1. If you scan the stretch A:433-467, which residues turn out to be open to solvent by less than 10 Å² (accessible area, probe 1.4 Å) and assigned to a helix (DSSP H, G or I)?
2. Considering only the stretch A:88-111, how many residues are in contact with a His (Cβ under 9 Å, 6 or more places away or on another chain), away from RNA strand B (no atom under 16 Å from the Cβ) and not charged (D, E, K, R)?
3. Name the single residue, out of those in the stretch A:361-382 being of a type in the set (Ser, Thr, Tyr) and out of contact with any strand residue (DSSP E or B) (no Cβ under 6 Å at 6 or more places or on another chain), that is least open to solvent (accessible area, probe 1.4 Å).
4. Suppose we keep only residues that are closer than 18 Å to A:Ser470 by Cβ and over 26 Å from the mean Cα position of the chain (by Cα) within the stretch A:385-421. Which one would you say is nearest to RNA strand B (Cβ to nearest atom)?
5. Please enumerate the residues belonging to the stretch A:446-465 that are more than 9 Å from RNA strand B (Cβ to nearest atom) and either over 18 Å from A:Gly152 (Cβ atoms) or not assigned by TED's automatic domain parsing to the domain that holds A:Ala483 (or both).
6. Could you list, in sequence order, the residues of the stretch A:546-580 that are within 11 Å of A:Ala483 (Cα to Cα), open to solvent by 10 Å² or more (accessible area, probe 1.4 Å) and not basic (Lys, Arg)?
7. Tell me the residue from A:Lys274, A:Lys291 that is more than 10 Å from RNA strand B (Cβ to nearest atom), open to solvent by less than 60 Å² (accessible area, probe 1.4 Å) and of a type in the set (Lys, Arg), please.
8. Return a yes/no flag: does the stretch A:115-122 have any residue that is away from RNA strand B (no atom under 16 Å from the Cβ), in contact with a Leu (Cβ under 7 Å, 6 or more places away or on another chain), of a type in the set (Ser, Thr, Tyr) and open to solvent by less than 40 Å² (accessible area, probe 1.4 Å).
Amino acid sequence: MTSLAEKLTEITGAAFAALDLPVELGQVRVSDRPDLAQFQCNGAMSAAKLASKNPREIAGEIQTKLLGFGHDRDTYVNSEYVSVHYQGHEVFKNIEIAGPGFINLNITDEYLAAHLADSAVDERLGVEKITKQETIVLDYGGPNIAKPMHVGHLRSSVIGDSLRRICGFAGFKTIGDVHFGDWGLHMGQVITELEERGILGQNVTLEQLEEIYPAASKACKEDEARLKKAQQATRKFQDGDPAYRKAAQQFAEVSIEGIKQNFGALGVHFDLWKGEADVHEMIAPMVNRLKTKGFAEESEGALVISVEQEGDKKEMPPLILLKSDGGVMYGTTDLATIVERMEEYKPARIIYVVDQRQSLHFEQVFRAAYKGGIVPDSTELTHAGFGTMNGPDGKPFKTRAGGVMRLEELISMGIEKATARLDEAELARDIEASERADIAQKVAIAAIKFADLQNNRIADYVFDIDRMTSFEGKTGPYLLYQAVRIKSLLRKAQAQGFEPGKEFTIQDSDRSLALLLTELPDVFEGALKNYTPHLLCEYAYRLAQEFSSFYAACHILSEEDEALRSSRLALCELTHRQIALVLGLLGIEIPERM
RNA sequence: GCGCCCGUAGCUCAGUGGAUAGAGCACUGGUUUCCGAAACCAGGGGUCGCAGGUUCGAGUCCUGCCGGGCGCACCA
């Protein structure tokens, strides 16, 4: 179904069309002056330029047209029937012209009620589904084998998982791929470390690995010869040295088990658990094709593909396909991964949720992919980059000791805080231990995810665990609380034999919540279009807040007017469904009670 | 040096070229015989980094500067 603002846009657009003005000028949106109107259209002011007329005059003509639709001869515009009636109700309560030429629109409560009733019976709550069945591959998470997962992986995982859910709800077939880092230098670093310790070939545990990689990395930084060894080992490993491969396979298994635990705790889902290593076989044929087609060339001992384009403002270094030692870099595996994804899934889009600092790399890879004919122009390659996570001091997030905080440590910190807060608020006291632990887990994850997702993706953000677990204000736990509170109310209503109605009765105390509830489809569209979950966070918070005001303003269960009571219960139910849907799209689970 | 991102209230952040720039935290005051007060209501707090320009209209677009972050061939 169409959103409310969209319906109004259609009507207003027809009025512009009827005056031979561009339909797009009829764009209606929620007013930013709620004291003056519910909706506004600014098209008359843009139209003034085109028609070289006074904007207020045009606004007046639009107003006249709008009032005429469905009443008289103006009803047809370009042979389309246009009406300002909906299910027998007037759409507009009034249309006013203000300031330089704003068209202020208010709708009737009856129309609002009818629209809400429609969206309440829609299981998608008014959000439209795409008609074409297209596939989107999302690349996020990106943990490295044998390296501990740290807070840096949080953003990629949480944002990527949310985008996957958003695209999925929009109707796309989505494929989330974790894309392990299991082919790079760090593999050689770990292998040589094992060699030096004389334990290559023996099984290592997760605990050992957690100490081994940092030690290897440190050694390579301090000693050039040691780094060289690691590079050679990496090359040997990539070439298929049996002992190295066998060892790597063993510690990869151990490592992946740990990684899966982390993602499990976070509630981040993947459809594919593939890595760089999986495309190894595809690299040589790909490189050969690029050579044959004349795209690959030798430069300074390496095999590269130039990706400069006319009109480039900046230096664009070529993408290195093969290093001078013959080894591959991550650009090569990224490119080969695109080859594989195109062959397997023919996606319409591939979205990379990776640190913004890698934007140049992705630009190189994307250009190489298009240039080399690996993807057609119809496939959209997007780097949905994100900013770094800083500590409260504004510098990259570190532990108190100054080290990198491990992801699981961060999660358990959140759970600890959530549990403490439950105790403090003396909530959920009579709930048994296992459910209580589950609640604390959900609260903690909601706190962490919401704190991350509510920020503009591209900008750096300050991660402050005390703030996000404070349970007050714009936080995940606040949203859970509101959702649980509504659920509890609905349970009580049911126990008393009250059912949410199918019809809505709009009074002063219900109107702003009712109006807000109509915005969901537009908000969703914005989040999908720009890959920005923070719009959904904003909306969920506004909903929770608006509901809370509504809840404080009118008592629902004791309302004696049956029509009003069932309407209000329906508002509660619709609010709950929307919050649950939106939080679901953010990857946040709501407990039954808390 | 070249390029990208950011600069909005004390702090953390929203703000598809439109009217009087908004939230949360913090601060001040108020609200519980009634549905969950982790709540609600009200209040104070702004040279939107600076300077030009485009526009009927600029936090938003363009140019320059200042401040911060990041990136620029064999790490990922």
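1. Of everything in the stretch A:433-467, those that are open to solvent by less than 10 Å² (accessible area, probe 1.4 Å) and assigned to a helix (DSSP H, G or I) turn out to be A:Ile439, A:Ala440, A:Val443, A:Ala444, A:Ala446, A:Ala447, A:Ile448, A:Lys449, A:Phe450, A:Asp452, A:Leu453.
2. 3
3. Taking the stretch A:361-382 and keeping what is of a type in the set (Ser, Thr, Tyr), we get A:370, A:378-379, A:382.
Among the residues that remain, those that are also out of contact with any strand residue (DSSP E or B) (no Cβ under 6 Å at 6 or more places or on another chain) are: A:370, A:378-379.
Details: A:Tyr370: 77, A:Ser378: 97, A:Thr379: 5 Å².
Across the stretch A:361-382, the extreme among qualifying residues is A:Thr379.
4. A:Arg421
5. Taking the stretch A:446-465 first, the residues more than 9 Å from RNA strand B (Cβ to nearest atom) are A:446-450, A:452-453, A:465.
Of everything in the stretch A:446-465, those that are more than 9 Å from RNA strand B (Cβ to nearest atom) and either over 18 Å from A:Gly152 (Cβ atoms) or not assigned by TED's automatic domain parsing to the domain that holds A:Ala483 (or both) turn out to be A:Ala446, A:Ala447, A:Phe450.
6. Within the stretch A:546-580, A:Ser548, A:Glu573, A:His576, A:Ala580 qualify.
7. Numbers: A:Lys291 fails: open to solvent by less than 60 Å² (accessible area, probe 1.4 Å).
Step by step, each of A:Lys274, A:Lys291 is checked, and only A:Lys274 is more than 10 Å from RNA strand B (Cβ to nearest atom), open to solvent by less than 60 Å² (accessible area, probe 1.4 Å) and of a type in the set (Lys, Arg).
8. If we filter the stretch A:115-122 for residues that are away from RNA strand B (no atom under 16 Å from the Cβ), which is where we start, we get A:115-122.
Of the ones still in play, those that are also in contact with a Leu (Cβ under 7 Å, 6 or more places away or on another chain) are A:115-116, A:119-120.
Checking which are of a type in the set (Ser, Thr, Tyr) leaves us with A:119.
In the following step, the residues that additionally are open to solvent by less than 40 Å² (accessible area, probe 1.4 Å) were identified as A:119.
Yes, that holds for at least one residue.
The values are calculated or read from the model by the stated rules, or taken from the named source; none is laboratory data. Computed from a predicted model, the values in this text were never measured in an experiment. Virtual Cβ from ideal backbone geometry, glycine too; neighbours counted across all protein chains shown. Just so you know, the surface numbers come from the protein's heavy atoms only, side chains and all, with ligands and any DNA or RNA stripped out. Shrake-Rupley method; radii C 1.70, N 1.55, O 1.52, S 1.80 Å.
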